[in-house]
Amino acid sequence: MSEKKNLANELKEFYGMPWWMYLAFLAFAFVCMYTEVLGTDSVSFLFVCGALAIGLYKLGELLPIWNTYIGGGLLMVFFGTSVMQYFHLIPEKYVTMVGDIAQGDFNLLTAFIVFLIVGSILSLDRKILIKSFAGYIPSILGGVAGAAVLGIGSALLFGVKPVDAMVKYVLPIMGGGNGAGAVPLSQLYEQVTGEPAASYYSFAIIVLTIANLMCILAGALLNKLGDARPELTGDKKNIMPVDQELTKEDKEVVKVKTSDYLGVFLLQGGIYGMGRFISKKVLPTIAGAAIHYYAYVIIFTVILAAAGIVPKKLRAAAKNVQSFAGATVAIMMMVAMGFDFDLGELAAALSPSTLVIALMVVLGAIIGSALVGKLVGFYPIDTAVTAGLCMANRGGSGDIAVLGAANRLDLISYAQLSSRVGGGMILIIASFVFSLFL
């Protein structure tokens, strides 16, 4: 009886709105979309994403089994909107609008990621910061090694040659996503073999899509494992154990004024600008691999944090912006991620061999990164999520989906290191593999 009563109480309110008001706005959103009276501007984006995300998120948080084992509200938003997109329940005009604002020229996803990166890094103690980033690259390499071993081993069961398993499965899955992984890998493949890049890309993106879905589900399962085995994880905000003296938050209460947030936005914009400047003008490549500006955004933020030159009130304000983005913007970003996920493409590619090999690559990334993470003093689960799964997913958007499912959005900086720096490492490895074996 009490459980039913609690469920009834939960359904009375939808994130500040009484249930009847939310349902009225949801119905009105569909009326506006089907009559095409909405524009393709930022406010229309907020209306459409808010209407879809709030109800799906609430459902995912309340639905038994799903909320405990599958991934809760964020994954319900992701899968729910992907189903809507597949069955054309949302007019194409607004699917395109959401994609353009989230990842097009407006690119709200970039602002979201920068907010998370700056807030999470500036809130770390400098000693923890330096130690954790120093041990992270070996964890990434451990994940790559594990993915190669299990991927090649499982491919042999289906008669796939080791070099083909490495080239067609391990490298595209571990390559840092689409734009930073599958696309440059296909171009590199064409340069080395002379075969069309499209022939490599068409299979690579399908395998990567399957692995990305597996990574999201694995993130949710690892989160549950962490809840059951707390000794394998921390507070979901630190990748390594911290001493009592080295707490993430300052002990003294820092008062943040409303005007301080203007300074934070300038700080975040300046860090983002520095990242783009270095990636475009100063050091665009390392060992022949293009380096994404997110990697330099992380490095420059780490330098500022380690130097201790950012005032405490700006650090506190940056953390508040990160918390706001993680609690609200993340839910709406999942709408864009769901619209961008092609269920039809996934279904067409499902075959026993592809599923098993992709699953083994993802599992190898989890095991390899967790083992090395444990050796360097990291929490195995948090390392598996960031250095493992965030290497095997679809890059920036995949990072958000995986971290959301794993309830670890505070670890975005490490996830982006995997997608950007790790993706660059894969391109270097691929250049040797393609040249020597193809």
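Numbers at a glance
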read-out	value
Qualifying GluC sites (Glu not before Pro) in the stretch 8-86, DSSP loop, other Cβ atoms within 10 Å at most 11	36
Flagged links, alpha-carbon separation over 25 Å, of 93/280; 127/374; 168/237; 161/374; 237/312; 280/319	93/280; 168/237; 161/374; 280/319
Top positive-direction residue, dipole computed over the stretch 112-437 with Cβ charges, set 368, 324, 200	324
222 nm mean residue ellipticity, helices alone, for the chain (DSSP H n ≥ 4; -39,500 (n - 2.57); rounded to 500)	-21500 deg cm²/dmol
Charge dipole (the chain, unit charges on Cβ, about Cα centre) - positive-most of 337, 259, 428	259
³J(HN,Hα), Karplus 6.51/-1.76/1.60, whole Hz, each residue of the stretch 253-259, x for Gly, Pro	6, 9, 7, 10, 8, 4, 5
Coarse-grained scattering of the stretch 2-106 at q = 0.12, 0.13, 0.18 Å⁻¹, given as base-10 log I(q)/I(0) from a Debye sum over alpha-carbon atoms	-0.45, -0.52, -0.94
Rg over Rh, two decimals, the stretch 372-438 (C-alpha only, Kirkwood Rh)	1.06
Under the span-like rule (Cα at least 27 Å along the axis, Kyte-Doolittle mean at least 1.0), DSSP H helices of the chain	42-62, 136-157, 197-228, 352-375
Relative contact order [Cα under 8 Å, 6+ residues apart], the chain, whole percent	31 percent
For the stretch 249-399, size of Cβ-based charge dipole, Lys and Arg +1, Asp and Glu -1, in debye	640 debye
Amide hydrogen neighbours beyond the local backbone of residue 17, cut-off 5 Å, H modeled	none
Stokes-Einstein D (µm²/s) once Rh is taken as the Kirkwood radius of the stretch 315-438 over alpha-carbon pairs, at 4 °C in 1.567 mPa s	80 µm²/s
Sites residue 227 and residue 375, calculated FRET efficiency, Cβ-Cβ separation with R0 30 Å, nearest 0.05	0.80
Label point distance in nm, residue 110-residue 127, each placed 7 Å from Cα along Cα→Cβ	3.8 nm
Relative contact order [Cα under 8 Å, 6+ residues apart], the stretch 2-106, whole percent	24 percent
Cβ charges +1 (Lys, Arg) and -1 (Asp, Glu), total dipole of the chain, debye	940 debye
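Bear in mind these aren't lab numbers, they're just calculated from the coordinates by the rules spelled out. Computed from a predicted model, the values in this text were never measured in an experiment. Because the Cβ atoms are built from the backbone with ideal geometry, glycine has one as well, and the counts that use them run over all protein chains shown.
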